[in-house]
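Asks: Got a structure for you, questions after.
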Amino acid sequence: MPSVASVVPGTRPLSDVARRLAVPTRMVDSVWFDLDSTFRKLGVEFDAWQDGAGQLILGVDEDGHYCATVEGVGMSLPRQVGKTYLIGFMMFALCVRFPGLLILWTAHHGDTSAETFTAMETASHRPLISSHVLKRFASDNHKEIIFRNGSRILFGARARGFGRGIPGVDIIVCDEAQILPERAMDDMLAAMNTAENGLAIFVGTPPKPTDPAAAFKRMRAEAMAEENSDGLVWIECGADPDADPDDHDQWEKANPSYPHRTPMTSMMRLRKRLSPDSWLREGLGIWDEDAIDVFAGQWGDLLRELPKGLEPSALAVATGIEQTHSSITAAAVDEEGVVHVRSLQYGPGVGWLVEAAKSWADRFNVPVAIDGRGPAAPLVPALEFEGIDLRILSTDDVCNASSELARLVANELLAHRADPELDGAVRNAVKRPVLDRWAWGRRISAGDISPLEGVTLAAWIAMNESGANVYLPETPQKVLVVGPRAAEWAQLHAPDAEVATDMQRWERDAYRRRHDARVVIIVDGYVEYRPSVYGREELVEIGDG
């Protein structure tokens, strides 16, 4: 579709900046085009990507109804991308264009709602907009902008009950949609029941594991299942899942307003203020479901059904850092030396763990591993009282077990079935240093990792007590050669090397981590070289001769 006249020339279109789009198949026109003259009267301009988003959000079918009136509009955007500008001036224009319109703009937190109202209230004082505004009103949990034609925008926080019991709502904007429980969503949508052509817009960042984000996740899953939907609109901007968090090219890919509207200093301040995981979600728009796991993406390649008749040779019990969840896991080694791991039982709290561990241990007649210094350690007396054959691992054992599991994954000597709890633990997991070694970091991980801790311990016991051979003969180290003349050098010095004429720093780092590779950079004096900050790279300078 064409752009409206109020678009800034030279800015990137939505198709270039969106990582994912779901476009309604029955969309034939858009109210956005009807607002063009209003935008110009209000003195508002948009970047090209905002113009494209506006067309989709306000897209209509042959009957003139919003395409998303039933399924809604979902937008997953990083912070500082210009969403309040886009949605805010869209709502201003709709209020001016359609008298008597009632809009609810909600956020989960009171502070967020207050900040949004402040930004909108300030914008409403623009001379070309102020002439349309009758008054502004603000109290603790009720803030409102009232237009001369009877249109109104109400602002409030869902955490304080805002939005319930307000009849006759035409449009709902749900900010912080990643914190939107199903019940709160139902309450919001109930306010729009009588609207003949209502529209609900859900805007948020990728959720944390602890966020009540079922509704937002469901919208995204439906959008991913079918990009050309019947009515759902989904707009997602974000960096690549395996992005280097400090790669400025990835910043530009994630944030369509960077650097021409959101300057580098703003991004750097946000980077400094957020934790590493929060930066990936809120700064770069990367969903946990998409992110490369702690095994550099190899975990998903190890899916395999358990061989028929293969029973566990070791179990393990583990709990989360605050004992909010517990898990029982199992490991077995097959005839080929592959270690099969799986989750047997997972649930909240620890009250059920001892009895369940006893039941599983009796069923398979195998030892049960536990970290003697971990959060499950207080259960050791109760487990021993039940007569369970315990293997109490020391910190040294846990470090060995962690490194060994990583080695099994790297060499494809580990297999697992699809399991939400275990797969989620792998996505959440972060390593923590233990002197010059490492173990899984319960406290610093993005969520509960007890299933991963459990299979780590169970695999260690299964390997050491089964007598199976799960070790590979030493293989030559992989070599990556990068540079315009990489092939020339590799032919003489490393014929089996992987060759690339150009590769970004984060790509080289990812290759080295995944393959434990030697990286050689060929420099001919004309190519700018950005060294890795994560590992050593060999520089080889070759001349014209």
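Please treat every number below as a calculation from the coordinates, not as lab data. Quick caveat, the model's predicted, so the values are computed rather than measured. All Cβ positions, glycine included, derive from the backbone under ideal geometry; neighbour counts span all protein chains shown.
Asks: Using a 10 Å cut-off on Cβ atoms, rank the peptides 68-80, 242-254, 294-306 from the highest mean neighbour count down.
Replies: 68-80, 242-254, 294-306
Asks: If we sort 449-458, 202-211 on the protection proxy, mean other Cβ atoms within 10 Å, highest first, what's the order?
Replies: Listed from highest to lowest mean packing, they are 449-458, 202-211.
Asks: Find the centroid of the Cα atoms in segment 375-400 and in segment 282-325, then give the distance between the two in whole Å.
Replies: Segment 375-400 and segment 282-325 have Cα centres spaced 22 Å from each other.
Asks: Here is a follow-up. By counting other Cβ atoms within 10 Å of each Cβ, how are Thr84, Thr194 ranked from fewest to most? Walk me through the intermediate numbers first.
Replies: Values: Thr84 17, Thr194 11.
Lowest to highest Cβ neighbour count: Thr194, Thr84.
Asks: What percentages, rounded to whole numbers, describe P(r) for segment 297-415 computed over all alpha carbon pairs with 5 Å bin width beginning at zero?
Replies: Calculated over all Cα pairs of segment 297-415, the distribution is 2, 11, 20, 22, 21, 15, 7, 1, 0 percent.
Asks: I'd like the distance between the alpha-carbon centres of segment 239-263 and segment 106-185, rounded to an integer number of Å.
Replies: Segment 239-263 and segment 106-185 have Cα centres separated by 30 Å.
Asks: Check which residues have an amide H placed less than 5 Å from Val60's amide H, if you skip close sequence neighbours.
Replies: The answer is Val28, Asp29, Ser30, Val31, Cys67.
Asks: Please identify the GluC sites (Glu not before Pro) of segment 156-248 that satisfy two criteria: DSSP loop assignment and at most 10 other Cβ atoms within 10 Å. Which are they?
Replies: Listed in order of number, the matching sites are Glu196.
Asks: Please give the peptides 459-465, 496-502 ranked by average Cβ packing (other Cβ atoms within 10 Å per residue), highest first, as a rough proxy for protection.
Replies: Working: 459-465: 22.3, 496-502: 14.6.
So the peptides 459-465, 496-502, ranked by packing, come out 459-465, 496-502.
Asks: Same structure again: Taking H as built 1.01 Å from N, whose amide H comes closer than 5 Å to the amide H of Arg342, not counting residues under 5 places away?
Replies: For Arg342, the qualifying residues are Ala330.
Asks: Dipole magnitude of the chain about its Cα centre, charges +1 at Lys/Arg Cβ and -1 at Asp/Glu Cβ only, in debye to the nearest 20? Intermediate values should be presented prior to the final figure.
Replies: Numbers: 55 positive and 80 negative charges, 432 e Å.
Charge dipole, the chain, about its Cα centre: 2080 debye, nearest 20.
Asks: Semi-axes of the equivalent ellipsoid of the chain: what are they in whole Å, largest first, if each equals the square root of 5 times a C-alpha gyration tensor eigenvalue?
Replies: Taking √(5λ) for each eigenvalue gives 49, 33, 19 Å, largest first.
Asks: Along the charge dipole of the chain, pointing to its positive end and built from +1/-1 on Cβ of Lys, Arg, Asp and Glu, which listed residue (Val499, Leu414, Val455) has its Cα farthest out?
Replies: Val455
Asks: Under a 5 Å amide H to amide H cut-off, with H placed in plane at 1.01 Å, what residues pair with Gly74 once short-range neighbours are removed?
Replies: Here the answer is Phe202, Val233, Trp234, Ile235, since their amide H atoms fall under 5 Å of that of Gly74.
Asks: Among Thr324, Trp299, Ile392, flag the residue with its Cα farthest along the positive direction of the charge dipole of segment 299-466, charges on Cβ as +1 for Lys/Arg and -1 for Asp/Glu.
Replies: Of the candidates, Thr324 comes out farthest on the positive side.
Asks: Oh, and also: Under a plain spin-label model, where a point goes 7 Å from the Cα along Cα-to-Cβ, how far apart in nm are Arg136 and Lys272?
Replies: 3.0 nm
Asks: Magnitude of the Cβ-charge dipole of segment 368-511, K/R +1 and D/E -1, about the Cα centre, nearest 20 debye?
Replies: 460 debye
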